[in-house]
Amino acid sequence: MQRRGRGRIAYPYTVWMVIFIVVPLFLILFYSFTEGDIHNLKDLRFSLNGYKKVLEPIYLKVIGNSFVLAGISTFICLIIGYPVAMMIANTDAKYRNLLLTLFIVPIWMNFLLRTYAWMSLLSPNGLVNRVLLWLGLPKLEIMPGKGAVLLGMVYNFLPFMILPIYTVLSKIDKHVIEAAHDLGGNNVITFMRIILPLSVPGIVSGITMVFLPAVSTFVISGLLGGGKAPLIGDLIEQQFLSSRDWHFGSSLSIILMVMILISMAVMSRIDKSEAEEERRKI
Amino acid sequence: MSKTLIELRNLTKRYNDMTAVDGINLTIRENEFVTLLGPSGCGKTTTLRMIGGFEDPDEGEILFEGKLLNNVPAYKRNVNTVFQRYALFTHMNVYENVAFGLRVKKVPNSEIDRRVKKMLKMVDLEGFEKRNVDSLSGGQQQRVAIARALVNEPKVLLLDEPLGALDLKLRKEMQIELLDMQRSLGITFIYVTHDQEEALTMSDTVVVMNKGVIQQVGTPEDIYNEPINRFVAGFIGESNIIEGVMLEDYKVSFDGMVFDCVDKGFAPNEPVDIVIRPEDIRIVVDPEEGMIKGRVTSVVFKGVHYEMIIESDTREYLVQRTKMFPEGSIVGMNVQPADIQVMKRGSTPCSEEEEEE
């Protein structure tokens with residue numbers, strides 16, 4: 001009785017989910033498998049043209065680019081984020097929250113605003129180049145281009161790598177680390193054999209939280225890449241807003257979704273097998 | 001006696017304004033079972049952690065076989081620790097937990113296998129090798145923690161309230177097992193506990209601490225029978241602590257009476273504290289035959305004995321006897337001179353500060 005009562009509380013959300021998530025998802029799926037005038041239901045007919053178009057080399061390259069860029073920026077985020085997370089976790093409890101907040105504060109600022117800020121910093125006559133010029137150093141010409149896009153991605157998504165890793169690291173019992181030292185493990189051994197394996201869940205969720213938005217982002221590449229290196233997100237945006245080819249756009253979205261689902265499945269597999277392997281060792 | 005293994009000299013540790021350990025001196029010998037006993041916040045755990053290398057002393061020296069240990073990092077010390085909440089490696093199975101120390105030291109696999117198996121047998125965990133440590137009971141986890149430390153064959157094993165999380169029955173069993181291990185392996189144990197009974201049961205030497213200062217060092221018998229001050233008397237076992245006056249050598253006055261005792265060396269008419277253990281007070285039916293007259297105000301059956309509170313004209317006495325005297329009856333009480341323990345005044349009260357985290 002009580003259970004059913006509690007279940008009812010979830011109804012509004014269920015309704016919300018159906019209207020704004022499930023229905024649109026089916027609409028996109030529907031558009032991706034049809035062709036014709038989207039405003040005229042009678043004109044719509046089944047077609048795989050949307051998907052066929054995805055397979056054209058020019059578009060495959062965009063998809064490939066997106067995954068490579070997202071992969072690289074995720075990797076950079078991990079390389080930068082892990083030591084930062086570790087540093088925060090090891091900070092005296094008094095200053096820890098302050099430090100954490102400093103790394104999180106950028107998220108509170110509007111995403112577009114931050115990207116525009118980078119634009120003006122990196123532009124050919126931006127602040128960075130003026131400083132370099134003043135120092136007598138060569139100009140930095142990464143914007144527009146992949147370098148700037150990468151920088152924008154890393155900057156924007158880094159907090160999402162730091163947070164989950166920090167959370168896991170800060171939960172590791174300090175006595176466990178002391179025990180490793182006590183048993184003869186120096187700092188390197190203690191890190192490699194104790195801290196790193198125990199933080200795998202944080203790494204996995206960090207990678208997921210950075211890779212997903214990175215692979216589907218469109219504003220960053222549009223603004224910092226100057227359209228030179230369009231990503232799958234830009235392509236989808238184009239189809240819906242300028243090219244008005246909703247069928248192709250929907251096909252791209254579905255493909256992106258499937259690929260994300262696959263990579264998430266792979267990640268959770270790694271997470272599990274990592275833990276299993278440690279358990280099975282010897 | 002066997003030779004000195006560890007020496008603490010004027011060891012001091014401060015946290016901000018608080019002095020956790022205040023200039024303690026202690027000598028620990030080979031094969032000794034030493035217990036640091038005291039209430040929370042008395043500095044016992046901090047002392048142990050300094051020996052283990054997890055805290056740096058602010059002042060003083062730790063000598064290990066005559067060599068200064070202060071600046072040796074924890075992973076290079078020939079001591080191992082059993083942590084309070086075990087601190088097992090949850091991402092490894094039982095076997096790998098125990099093998100960790102040997103793997104780090106690059107011991108050949110065949111020897112690791114032999115030693116780990118032997119150790120698991122000793123702690124009665126054969127067949128648990130592949131088990132995940134999270135799936136073990138508290139007692140089993142405790143055994144893994146002990147095996148993980150002992151497999152390295154340390155000269156000293158540090159134990160930080162290792163049985164605190166176990167239930168009473170298991171705790172008693174583990175006390176005996178630990179004692180057996182210590183005897184058969186010939187390893188020095190430094191054991192931290194706040195449980196006075198545990199300390200009395202297991203130790204060769206008990207070190208009673210309070211507020212970062214050692215109050216008394218001695219055998220369990222010494223500590224129990226001849227507590228040096230009010231704090232030790234109150235912390236170890238139940239006792240009647242009575243204020244009195246030492247009239248002259250072998251004569252002490254309390255409760256309006258003069259008693260013979262076996263203590264001397266006090267100034268004439270010096271105020272003192274007197275300890276009488278509840279089991280040392282004898283009751284006689286005829287009040288006139290007792291040195292102190294009193295009325296029984298409460299009787300509680302405790303299994304082995306009855307615990308009675310007897311009120312004299314000036315105070316209450318806690319008395320434990322196997323024979324029961326009914327509530328309300330007027331009785332006499334006698335104490336043997338040897339059972340009157342006279343202590344100097346000026347004891348330290350017990351502090352209630354929390355020491356962990």
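Details
- Per residue value of the accessible surface for chain A (all protein chains in place, 1.4 Å probe), Å²: 58 Å²
- Among A:L44, A:F26, A:N65 the positive-end extreme of the charge dipole of segment A:1-107 (Cβ point charges): A:F26
- Solvent exposure of chain B as accessible area per residue, Å², 1.4 Å probe: 45 Å²
- Convex hull volume of segment B:1-40 per residue (C-alpha atoms, cubic angstrom): 80 Å³
- Per residue, the convex hull volume that the Cα atoms of chain B enclose (Å³): 164 Å³
- Remark: segment A:104-118, residue by residue, has Karplus-estimated 3J(HN,Hα) of 8, 3, x, 5, 5, 7, 4, 4, 5, 4, 5, 5, 4, 4, 5 Hz, where x stands for each Gly or Pro and the curve is 6.51 cos²θ - 1.76 cosθ + 1.60 at θ = phi - 60°.
- Solvent-accessible area buried by pairing B with A, both sides, nearest 100 square angstrom, 1.4 angstrom probe: 2400 Å²
- Members of A:K171/B:K121; B:K251/B:K293; B:K44/B:K302 lying beyond 26 Å, as alpha-carbon distances in this model show: A:K171/B:K121; B:K44/B:K302
- With only the Cα atoms considered, segment A:38-109 has a convex hull volume of 172 Å³ per residue.
- Per-residue 3J(HN,Hα) values for segment A:83-89, derived from phi via the Karplus relation 6.51 cos²θ - 1.76 cosθ + 1.60 with θ = phi - 60°, read x, 5, 4, 5, 4, 4, 5 Hz in sequence order (x marks Gly and Pro).
- For segment A:135-182, residues shielded by at least 30 square angstrom of accessible area compared with the chain on its own, probe 1.4 Å: A:H175, A:V176, A:E178, A:A179, A:H181, A:D182
- Segment A:177-282 gives an Rg/Rh value of 1.23, both radii derived from C-alpha positions and Rh following Kirkwood.
- A Förster distance of 30 Å, applied to the separation of the beta-carbon atoms of B:K76 and A:L196, puts the FRET efficiency at 0.85.
- Residue with peak Gaussian network fluctuation, chain B [Cα springs, cutoff 10 Å], from B:T219, B:T322, B:T27: B:T322
- Model label points for B:N269 and A:N90, set 7 angstrom from Cα along the Cα-to-Cβ axis, are 6.6 nm apart.
- Each stretch of four or more DSSP H residues adds -39500 (n - 2.57); spread over every residue of the protein assembly as shown, this sum gives -14500 deg cm²/dmol at 222 nm.
- Radius of gyration and maximum dimension Dmax of chain A, Cα, Å: 23.4, 77
- Averaging the sequence gap over all C-alpha pairs within less than 8 Å and six or more residues apart, then dividing by the number of residues, gives segment A:50-281 a relative contact order of 28 percent.
- As a size descriptor, the averaged projected area of the C-alpha convex hull of the protein assembly as shown was calculated at 45.8 nm².
- The order of the peptides B:189-201, A:131-143, B:105-117 by mean Cβ neighbours within 10 Å, most packed first, is B:189-201, B:105-117, A:131-143.
- By accessible area, using a 1.4 Å probe on protein heavy atoms only, the protein assembly as shown has 59% of its surface on carbon and sulfur.
- Values of log10 I(q)/I(0) for segment B:38-165 across q = 0.13, 0.19, 0.21 Å⁻¹ run -0.58, -1.08, -1.22, by the Debye formula with one identical scatterer at each alpha carbon and no solvent.
- Backbone geometry of segment B:159-169 corresponds, through the Karplus equation with coefficients 6.51, -1.76 and 1.60 at θ = phi - 60°, to 3J(HN,Hα) couplings of 10, 9, 6, x, 9, x, 8, 9, 6, 4, 5 Hz, x marking Gly and Pro.
- Taking all protein chains together and rolling a 1.4 Å probe, B:S40 ends up with roughly 40 Å² accessible.
The values are calculated or read from the model by the stated rules, or taken from the named source; none is laboratory data. Since the structure is predicted, the reported quantities are computational estimates derived from the model, not experimental observations. Cβ sites come from the backbone with ideal geometry, for glycine too, and all protein chains shown count toward neighbours. Heads up: the accessible areas ignore ligands, DNA and RNA and are worked out on the full protein's heavy atoms, side chains in. Shrake-Rupley method; radii C 1.70, N 1.55, O 1.52, S 1.80 Å.
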